[in-house]
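Below: one structure, written as structure tokens.
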Amino acid sequence: MNNQLRTVVQAMPKAELHIHIEGSLEPELIFALAARNGVALPYASVEALRAAYAFTDLQSFLDIYYAGASVLLQEQDFYDMTAAYLKKAEADNVRHTEIFFDPQTHTARGVAMETVFNGIHRACQDSPVSATLIMCFLRHLSEEDALSTLEAATPYLDKIIGVGLDSSEVGHPPEKFARVFARCRELGLHLVAHAGEEGPPAYIESALDVLHVERIDHGVRVLEDAALTARVARERIALTVCPLSNTKLRVFDQMKDHNLVQLLDAGLVATVNSDDPAYFGGYMNDNFIATFEALPLTLAHARTLARNSFEASFLPAEQKQRFLAEVDAYFAAVPA
Ligand code: ADE
Ligand code: ZN
């Protein structure tokens, strides 16, 4: 990648649409919160914890990710985690972010729903970055658990813009959550789901047809089904792709094998995102640099990715247009 392209992908205005806030918890903050809350960790040091980040697949990551989240107990812990992520986002010229959080990871440990919502939401309000929240249901748990989570979140629904579906994908197809997503749809919430990360293209199709999601999180396996690829392109269903995550979790062996260029060249509304930046080697700009270094991505692709990120956002039309105009103005000033 030449220096100009590196500067462009770093400096261009962008939106992040796939970030699990619990996945932004850096080892140093995990240790600081463990000390603050008197939580014992099964790792002797920050270095020992970081050394455990050698993942072989999604589940091997999730086991450590849920263990890391066990240090979050007080509202201030959720605030500090979110504020730290938003500072990184701001430094990477992220103008808008739609943040996932997993309340069940916390309520199962006895943390009140109010604590989770208030800490994360207050940090969003205090940041100069536009930040909204998407509450995710854990798909390895039952639909009844998801329904009671939605019920418990009722007093705080004004603090979220939508719901998502994450955690262990294979064996937990979207259909398992048809009723809870139907209820969320009635409530007027935006809908997204992880699909086609490790799971087959059929999960992308059922996320669209059964859950009626508006975006697919990951979705990189869509290219295995030509008819589905054509449909996702035609309907402009965005894919929130997470390149460093995909290589760390062995969805692709190496970045040079990633299909981001093929997704874009197939006319899909692909975006670049960080997923769990503390675990996968970096935040937004690290993902842009890693992909642009390894793949034949161009200045035109950079502009498309920046535009896609705002187009695929759940921002009101007027704000979306304002950010898109900012992207266009940025690229108009880049020498061809
Ligand atoms: N939770 C956090 N990161 C995830 C991912 N990449 N896939 C599924 N669930 C997750
Ligand atoms: Zn994810």
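I'd like the full set of residues that are within 15 Å of ligand 2 (Cβ to nearest atom) and surrounded by 15 or more Cβ atoms within 10 Å (Cβ to Cβ), limited to the stretch 49-59.
Passing the criteria: 55, 58, 59.
Got a number for residues in the stretch 286-318 being small (Gly, Ala, Ser), within 17 Å of residue 16 (Cβ to Cβ) and not in a loop (DSSP other than H, G, I, E, B)?
4
Among the residues of the stretch 250-268, is there at least one that is open to solvent by less than 20 Å² (accessible area, probe 1.4 Å), of a type in the set (A, V, I, L, M), within 15 Å of ligand 1 (Cβ to nearest atom) and touching a Gly at 6+ places or on another chain (Cβ under 9 Å)?
no
Counting only residues that are away from ligand 1 (no atom under 15 Å from the Cβ) and within 26 Å of residue 329 (Cβ to Cβ), which one in the stretch 13-33 is surrounded by the fewest Cβ atoms within 10 Å (Cβ to Cβ)?
Ranking the qualifying residues of the stretch 13-33, first place goes to 13.
Condition first: in contact with a Leu (Cβ under 7 Å, 6 or more places away or on another chain) and either over 17 Å from residue 158 (Cβ atoms) or of a type in the set (D, E, K, R) (or both). Now tell me which residues in the stretch 180-195 satisfy that.
Matches in the stretch 180-195: 180, 181, 183, 185, 191, 193, 194.
Which count do you get for residues in the stretch 60-80 that are open to solvent by less than 40 Å² (accessible area, probe 1.4 Å) and within 16 Å of ligand 2 (Cβ to nearest atom)?
The total comes to 7.
Looking at the stretch 181-257, what helices (runs of 4 or more DSSP H) fall wholly within it and have at least 1 residues that are within 16 Å of ligand 2 (Cβ to nearest atom)?
201-209, 243-248
Pull up the stretch 151-180, narrow it to residues that are of a type in the set (Ser, Thr, Tyr) and either part of a loop (DSSP other than H, G, I, E, B) or open to solvent by 50 Å² or more (accessible area, probe 1.4 Å) (or both), then point me to the one that is farthest from ligand 2 (Cβ to nearest atom).
By that ranking, first place goes to 154.
Can you name every residue in the stretch 58-101 that is closer than 17 Å to residue 10 by Cα, in contact with an Asp or Glu (Cβ under 9 Å, 6 or more places away or on another chain) and either in a helix (DSSP H, G or I) or basic (Lys, Arg) (or both)?
86, 89, 95
Hey, can you tell me all the residues within the stretch 128-155 that are touching a Leu at 6+ places or on another chain (Cβ under 7 Å) and under 11 Å from residue 176 (Cβ atoms)?
Within the stretch 128-155, 137, 139 qualify.
The values are calculated or read from the model by the stated rules, or taken from the named source; none is laboratory data. Predicted model only: the values in this text are computed from it and were never measured. Here Cβ is always computed from backbone atoms with ideal geometry, including for glycine, and neighbour counts include all displayed protein chains. Side chains are part of the model used for accessible areas, which takes the heavy atoms of the whole protein and leaves out ligands, DNA and RNA. Shrake-Rupley method; radii C 1.70, N 1.55, O 1.52, S 1.80 Å.
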